[in-house]
Amino acid sequence: MSYAAPQGPQAPAIDVRSDTVTHPTAAMRAAMAEAPVGDDVFGDDPTILALEARAADLLGKEAALFVPSGTMGNLVSLMAHVPRGGEIIAPAEAHVFNDEAANYAVVAGAGMRPIAETPEGEMPIDAVVDAIQDSGDPHCPITSLVVVENCHAHTMSRPITPAYVARLRAALPPSLPLHIDGARLFNAAVAQGLPVADLVRDADSATFCLSKGLSAPVGSVVVGSADFIWRAKRARKLLGGGLRQAGVLAAAGIVALQDGADGTVARLADDHRRARVLAEGLCTQEGIISPGHLAQPVGERLDPGRVTTNFVLFAVEGGQTRRAAYLAALRDRGVGMVAYPHGQIRAVTHRGIDDADIEAIIAASGEALAATRP
Ligand SMILES: Cc1ncc(COP(=O)(O)O)c(C=O)c1O
C-alpha cells in the first residue's frame, strides 16, 4: 500500500477490507484546497453545483444531488419515491435491505419485499412482476419502488447489464419507479466497457459513490428528474444532510469524474485486473475453497473467472473457527481482509493496492493457511 499519508492505528499495511479505505489523490487534495465555496443550503456553493451538473450530464439525467454517503443517497431516494406504508421490491441480498440499518422501515416508513436474485444479481423478472401489489385491496401495502444493485456486491460484485435493466423496466407498470443503487456503478461501466449513462438509462433514479474505488474522501451523488431531485433534497434536509461549504468535498468528486490522468474512473480497470490475479493466486492454495452462495454457487475451488470487478469472495475449509484464525493470521502478516456473510471472506482491490501488494497478499495467505491447518 503506497500512500504517502500515514495509516490509522487500526489499518493493516496492506488493506483489502474495502475500497472505502482509499485516500484522496494529490490532485484531489489540491482541488479541495483551492475550491470556491458558498452555503450549499442556500444553493450558493459553486463547486457543489459544478459536481452536480457534471454527474447529471455523465449519467444522462436532468438533475443531481450531492449527499454525504451512499446510505443517505439511497435513503433520500426511497423517501422521494415511496409514501409511508409503501413497499419496495429489492434483491434479497441488497445493501438497501440488509446493510442500511433498516432505514427503509425506521425512517422512510416503508416495507421491503425481498426477491431471491440469480448469481448474476438479477431478480427474475417474472418474480418481480408477481410481487407487485397494486390491487386496491386495503390489506396490502402498495408497491412503490423497485431497486437494483449495480455492481451487485454479494455476487462477487458482478456488473448488471443495461439489457437486464431495460427488460425489467419494460415489465413494470410505467408509474412504478426503478432506482439503481450504484455504489460501484463506475466499476460496472468500466467492466462492461460502456458509458455509465447506459447503465441507468432505464432507471428513474440512481446513486453512485465517490468515496469507494473513485478515491474521493467523502460523498455520493443521486441523479434523476428535476422533480425527483427536489423531493430528495427535502429528504436530505430532513435527515440533517444539508451541508454548508461542502465544495471542499465536492472538489475531490469533480477530480474523480474528470477525463484524463487525474480522473479515477478509467484506472478502475487496474483494480479489476489485480482482483483477478489475486483470485488466480488464491485458488491454487490448499484450503481455499469456493465462496458458495451467490458468489460462486457451484464448484469446490474458487473460480477466478467469477471475478469481473474488484471483489474477491472466497472461503476457507474448516468453517467459522478456521476463518477467524485465518483472518487473524493474515492480520499478523499485515494483510486486512474481512469476514463476509454466508461464511465468506472478502478482499477488495483499489488504488492503494499495487501488483507487489497482490503478490504479498498471496504469500501471506499461503502462510496463514499453513499456520491454521487443522
Ligand atoms: C452496494 C452498496 N450500496 C450502498 C452502500 C453505502 O455506501 P456508504 O458506505 O457510503 O453509506 C455500500 C457501501 O459499501 C454498498 O456496498
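Aspartates and glutamates near K61 by alpha-carbon distance under 12 Å, same-chain residues fewer than 8 away left out - which ones?
Straight-distance partners of K61: E52, D198, D202, D204, D227.
At q = 0.09, 0.10, 0.17, 0.20 Å⁻¹, what log₁₀ I(q)/I(0) does the range 14-125 have when each alpha carbon counts as one equal point scatterer in the Debye sum?
-0.37, -0.46, -1.08, -1.19
Using the membrane-span-like helix rule (whole DSSP H runs, Cα extent along the own axis of at least 15 Å, mean Kyte-Doolittle hydropathy at least -0.5), which helices of the chain qualify?
46-59, 70-81, 268-283, 355-371
Two-decimal Rg/Rh of the range 99-257 from alpha-carbon positions, Kirkwood Rh?
0.97
Of the options A166, V41, P141, report the single residue whose Cα projects farthest towards the positive end of the charge dipole of the chain (beta-carbon charges: Lys, Arg +1; Asp, Glu -1).
With unit charges placed on the Cβ atoms, the residue in question is V41.
Among G60, P12, V307, pick out the residue whose Cα is farthest towards the positive end of the charge dipole of the chain, where Lys and Arg carry +1 and Asp and Glu carry -1 on C-beta, about the Cα centre.
Value: P12.
Considering only DSSP beta bridges whose two residues both sit in the range 125-249, what percent are antiparallel, to the nearest 5?
45 percent
DSSP beta bridges in the range 26-256, what fraction antiparallel, as a percent rounded to 5?
Around 40 percent antiparallel, to the nearest 5.
Pick from F42, F314, F97 the residue whose mean-square fluctuation is largest in a GNM of the chain, springs joining Cα atoms under 10 Å.
Answer for the Gaussian network model of the chain: F42.
Would you grab the residues whose amide H sits under 5 Å from the one on G121? Only those 5+ places off in sequence or on another chain, please, with H modelled 1.01 Å from N.
When sequence neighbours closer than 5 places are left aside, there are no close amide H contacts.
Kindly give the semi-axes, whole Å and largest first, of the ellipsoid equivalent to the chain, taking each as the square root of 5 times a Cα gyration tensor eigenvalue.
In descending order, the three semi-axes are 34, 27, 17 Å.
Taking every pair of alpha-carbon atoms in the range 136-219, give the share separated by more than 16 Å as a whole percent.
Here the tail beyond 16 Å accounts for 55 percent of pairs.
So with the 1.4 Å probe, I'd like the accessible area per residue for the chain, rounded to whole Å².
Here the per-residue accessible area is 39 Å².
Would you mind telling me the share, in percent, of accessible area of the chain contributed by carbon and sulfur at probe 1.4 angstrom?
55 percent
Compute the separation of the alpha-carbon centres of the range 163-200 and the range 43-120 and state it in Å as a whole number.
Computed from Cα coordinates, the inter-centre distance equals 14 Å.
For the chain, what is the mean residue ellipticity at 222 nm derived from helices alone (per DSSP H run of n ≥ 4: -39500 (n - 2.57); sum divided by total residues; nearest 500 deg cm²/dmol)?
My calculation for the chain gives -11500 deg cm²/dmol from helical runs alone.
Among 113-119, 53-59, how do they line up by average Cβ neighbours within 10 Å per residue, starting with the highest?
For the peptides 113-119, 53-59, the packing ranking is 53-59, 113-119.
For a distance above 19 Å, tell me the whole-number percent of Cα pairs in the range 249-361 that qualify.
The share of Cα pairs beyond 19 Å in the range 249-361 comes to 49 percent.
The values are calculated or read from the model by the stated rules, or taken from the named source; none is laboratory data. Since the model is a prediction, treat every value here as computed from it, not as a measurement. Cβ: placed from backbone, ideal geometry, glycine included. Neighbour counts: every protein chain shown. All accessible areas refer to the heavy atoms of the entire protein, side chains included, with ligands and DNA or RNA removed. Shrake-Rupley method; radii C 1.70, N 1.55, O 1.52, S 1.80 Å.
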